[in-house]
Amino acid sequence: MSYERSRSWKRLSCPASVLTKFLSASFSVTVVQLCWGTRTPVSDEKLRKEIMKIYLLLGLAVLAIGFIVPTLAQEGNAIDPQKRKQIEELNRKYDEAFNANSAVAVAALFTVDGVETGPEGPVSGQPDIVQRYLALFQSHPTSHISKLAQLYAIGSRVCAITEWSAMQKKHTSRPARLTEGYMVTINVRERGAWKIQMLYWDYK
């Protein structure tokens, strides 16, 4: 594969079908290993954790490569404008909840078994996500702004790559400063609304 550097991203020519096949194959192998690789029944909790790992790996791979897929329309994975607006609305709700320093409101944007991960490692489930953001909001970060950079479909899910900025304090005794970074989210439809199933973020 060949790629060229840009200001914020490395643009990689990678057909969307490759990512879809990777996700599908990873899921299939994990389930087969879990169900047939042991003599004891597989618990729902263990299966959930293994599935969570798959989405974490996908998000980490996306962010590590830092790619934007230029062949989505050719691959048939283009996102229609209405769906893009819906994901942008989800990002807007995330910004609002973040700027209100409401951990409960942020967690409500995730699925019940959603995953949030970043420099401090992963947490899963809305209760743990609440605790993660309660700790983060102790420094009262503000002015969180999300700018959607790229969308692509993975089956019925939508992966969004977003640039973000916020005013944050590294320590409560220090003044707030502008911080910037990237988010990769896997979003799914749940009860007629888009929810975050996995969110990975990091600083630039």
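The values are calculated or read from the model by the stated rules, or taken from the named source; none is laboratory data. In this text the structure is predicted, and so the values were computed from the model without any measurement. As a convention, Cβ positions derive from the backbone with ideal geometry for all residues, glycine included, and neighbour counts pool all protein chains shown.
Go over the candidates SER156, SER146, SER124, SER139 one by one and state the one that is more than 16 Å from the chain's Cα centre (by Cα), assigned by TED's automatic domain parsing to the domain that holds GLN86 and small (Gly, Ala, Ser).
Just one listed residue meets the conditions, SER139.
Assess whether SER143 counts as being more than 26 Å from ILE79 (Cβ to Cβ) and without any contact (Cβ under 8 Å) to a residue 12 or more places away in the chain.
Taking the combined requirement at face value, the residue does not satisfy it.
Return only the number of the condition from (1) farther than 13 Å from TYR94 by Cβ; (2) touching a residue at least 24 places away in the same chain (Cβ under 8 Å) that TYR133 does not satisfy.
Among (1) farther than 13 Å from TYR94 by Cβ; (2) touching a residue at least 24 places away in the same chain (Cβ under 8 Å), TYR133 violates only (1).
For region 149-192, give me the residue count where each residue is charged (D, E, K, R) and outside any loop (DSSP other than H, G, I, E, B).
Counting residues in region 149-192 that are charged (D, E, K, R) and outside any loop (DSSP other than H, G, I, E, B) gives 6.
Consider region 193-204. How many of its residues are touching an Asp or Glu at 6+ places or on another chain (Cβ under 6 Å) and assigned to a strand (DSSP E or B)?
1
Looking only at region 188-204, filter to residues that are at pLDDT 95 or above and in contact with a Phe, Trp or Tyr (Cβ under 7 Å, 6 or more places away or on another chain); which one of those is surrounded by the fewest Cβ atoms within 10 Å (Cβ to Cβ)?
Residue satisfying both the conditions and the ranking: LYS195.
Does TYR152 satisfy being in contact (Cβ under 8 Å) with a residue 60 or more places away in the chain, of a type in the set (Phe, Trp, Tyr), in contact with a Ser or Thr (Cβ under 8 Å, 6 or more places away or on another chain) and surrounded by 17 or more Cβ atoms within 10 Å (Cβ to Cβ)?
no
Say we look at region 122-146 and pick out the residues that are in contact with a Lys or Arg (Cβ under 8 Å, 6 or more places away or on another chain) and not in a loop (DSSP other than H, G, I, E, B); which of these is surrounded by the fewest Cβ atoms within 10 Å (Cβ to Cβ)?
Across region 122-146, the extreme among qualifying residues is SER139.
Count, please, the residues in region 109-121 that happen to be closer than 24 Å to ARG189 by Cβ and surrounded by 16 or more Cβ atoms within 10 Å (Cβ to Cβ).
The total comes to 7.
Would you point out the residue of region 161-183, among those that are touching an Asp or Glu at 6+ places or on another chain (Cβ under 9 Å) and touching a residue at least 60 places away in the same chain (Cβ under 8 Å), that is surrounded by the fewest Cβ atoms within 10 Å (Cβ to Cβ)?
GLU163
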